[in-house]
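Please read the structure below before turning to the comments.
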Amino acid sequence: MIKISQKNLNPIINGLKPSATLAINEKSRQLAGEGKKIYRLGFGQSPFPVPESVVEALKENAHQKDYLPVKGLWSLREMVADYKGRKKGLDRTAEDVLIGPGSKELLFLLQLVFYGDLLIPKPSWVSYAPQAKIVGRQVHWISTRQENDWRLKAEELEVFCVTDPDRPRLLILNYPSNPSGTTYEEKELIELAKVARKYRLVLLSDEIYGELHHKGQHVSMAHFYPEGTIVSGGLSKWCGAGGWRLGTFTFPTSLGWLRDALAVAASETFTATSAPIQYAAVRAFEGGKEIETYLADSRRVLATIVKGLSEKLVAHHISHPKPQGAFYLFPNFEHYRENLAQRGILTSMDLCNQLLLDSGVALLPASDFGFPPEVLAARLSYVDFDGGKSLKLIRENQNDESFLDAIAPQMLEGIGRMTDWLK
Ligand code: PLP
């Protein structure tokens, strides 16, 4: 019998690991299966339930079985454009919107169809670079500085682009940020937009956490660089529906050629996004009082939890950028460098592995977000709590401390375990 050889695996795929986020989750699950208590601070999934009316809309549309148009259900595209107009003051039409099975898939298709280098600030979300590698694009990580909370500055982008000013490039900016939880101020966006315009960059503004700005003050990059910005969003984070797989890209008319090219690639790959999910998404983007209350409460929950956790970290000399949105913190363990080195822990990967084995606390190492191995930082996700219960409790106006004790005992215990371990 002829054996099919593994040597026939595409070498590009052969060189990639499974997504880091999924890998830590697997390891945590395995240890939990062996009876170890695990504090899940590694995996970033929304803890909140999908709003009731959106779940109802999905039930009502379970019978929708036909393939939908490749760019998405027209009424959903209209609603997404309307939502951008209502909530963000952006002038977009249904034609500009593309629907996909998760923004991650759309991002992959963008990298496939756009022929240029990928620029990403350090740190950036774990999947941008592997996607670029799969489709054979050059990846350039742009260094940022700790004193700027790792946000990309216009000067840093300029210094990079000026070396080869005519090169086609795709810049991905993501804010509120995964992994740091920080966001850009308007003036920073304006300065970045000037550089992007000067070098005619295609800018993918990954605003999937935009609605989870803790003060509800997210501002889209599309205001400042409208002609070159594609805004990425979807239901996964603000609507608690990651598993539903629905993402949106909103293009400027000037990038209609890119939108159409993505649709061609989509038509030869996923064909169309799940029909019932698209019908339900119309309800989500329609908004209204229920959704606004849900969002305001989700933001308050996240802000209250992160304030409590952040204070605990600071009390133990674990600095981090001020969290302003999403559900991530990016603690820096530099204060413990010597102590850790004495235990043979020299990299963020060593730190996360050993911490998980010794104390059951799962974090994601900074090296997965583009940092050199020796940067002793990690991503901490604060989503290990009962989202439904938290929304009820936050409406009862408890004080912050009793809310935290009631909602986040696991996470508080995990942070206690971690700080004990560090010492
Ligand atoms: N962008 C960022 C920064 C993310 O954190 C995620 C999910 O974790 C995504 C994009 C992909 O989201 P989805 O494919 O669920 O729309």
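What the table below lists for this structure:
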item: Filter result for the condition that a residue is modelled with pLDDT of 85 or more, surrounded by 13 or more Cβ atoms within 10 Å (Cβ to Cβ), of a type outside the set (A, V, I, L, M) and outside any loop (DSSP other than H, G, I, E, B), over Ser53, Ser46; result: Ser53
item: Residue count for the range 369-423, restricted to those that are basic (Lys, Arg) and closer than 18 Å to Phe333 by Cα; result: 3
item: Pair list, Cβ < 6 Å and 6+ apart or interchain, from the range 24-49 residues that are aromatic (Phe, Trp, Tyr) to residues that are modelled with pLDDT under 90 and within 16 Å of the ligand (Cβ to nearest atom); result: Phe43/Asn25
item: Qualifying position, being open to solvent by less than 40 Å² (accessible area, probe 1.4 Å), closer than 25 Å to Ser46 by Cβ and charged (D, E, K, R), among Asp368, Asp384; result: Asp368
item: Sole exception among (1) open to solvent by less than 60 Å² (accessible area, probe 1.4 Å); (2) touching a Pro at 6+ places or on another chain (Cβ under 8 Å) for Leu73, by number; result: (2)
item: Any hit, the range 411-421, residues being open to solvent by less than 10 Å² (accessible area, probe 1.4 Å) and of a type in the set (Phe, Trp, Tyr); result: no
item: Identity of the residue in the range 91-109, among the small types (Gly, Ala, Ser) and surrounded by 22 or more Cβ atoms within 10 Å (Cβ to Cβ), that ends up farthest from the ligand (Cβ to nearest atom); result: Gly100
item: Subset of the range 341-353 [in contact with a Leu (Cβ under 7 Å, 6 or more places away or on another chain) and within 30 Å of Thr183 (Cβ to Cβ)]; result: Ser348, Leu351, Cys352
item: Pairs with Cβ under 6 Å, 6+ apart, first in the range 354-374 and hydroxyl-bearing (Ser, Thr, Tyr), second open to solvent by 10 Å² or more (accessible area, probe 1.4 Å); result: Ser359/Arg417; Ser359/Trp421; Ser367/Met349; Ser367/Pro373
item: Verdict on Leu170 being crowded, with 21+ Cβ neighbours inside 10 Å and within 21 Å of the chain's Cα centre (by Cα); result: yes
item: Options Tyr128, Tyr83: the member that is buried (at least 17 other Cβ atoms within 10 Å of the Cβ), closer than 17 Å to Pro252 by Cα and either modelled with pLDDT under 95 or within 16 Å of the ligand (Cβ to nearest atom) (or both); result: Tyr83
item: Residue in the range 56-78 that is closer than 30 Å to Glu413 by Cβ, in contact (Cβ under 8 Å) with a residue 12 or more places away in the chain and among the charged types (D, E, K, R) present; result: no
item: Residue match in the range 232-253 (condition: more than 16 Å from Glu105 (Cα to Cα), open to solvent by 10 Å² or more (accessible area, probe 1.4 Å) and of a type in the set (Ser, Thr, Tyr)); result: yes
item: Selected residue (criterion: surrounded by the fewest Cβ atoms within 10 Å (Cβ to Cβ)) from residues of the range 263-282 that are under 16 Å from Ala94 (Cα atoms) and touching a helix residue (DSSP H, G or I) at 6+ places or on another chain (Cβ under 8 Å); result: Val282
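The values are calculated or read from the model by the stated rules, or taken from the named source; none is laboratory data. Quick caveat: nothing in here was measured; it's all calculated off a predicted structure. In this analysis, Cβ positions are derived from the backbone assuming ideal geometry, glycine residues included, and neighbour counts consider all displayed protein chains. All accessible areas refer to the heavy atoms of the entire protein, side chains included, with ligands and DNA or RNA removed. Shrake-Rupley method; radii C 1.70, N 1.55, O 1.52, S 1.80 Å.
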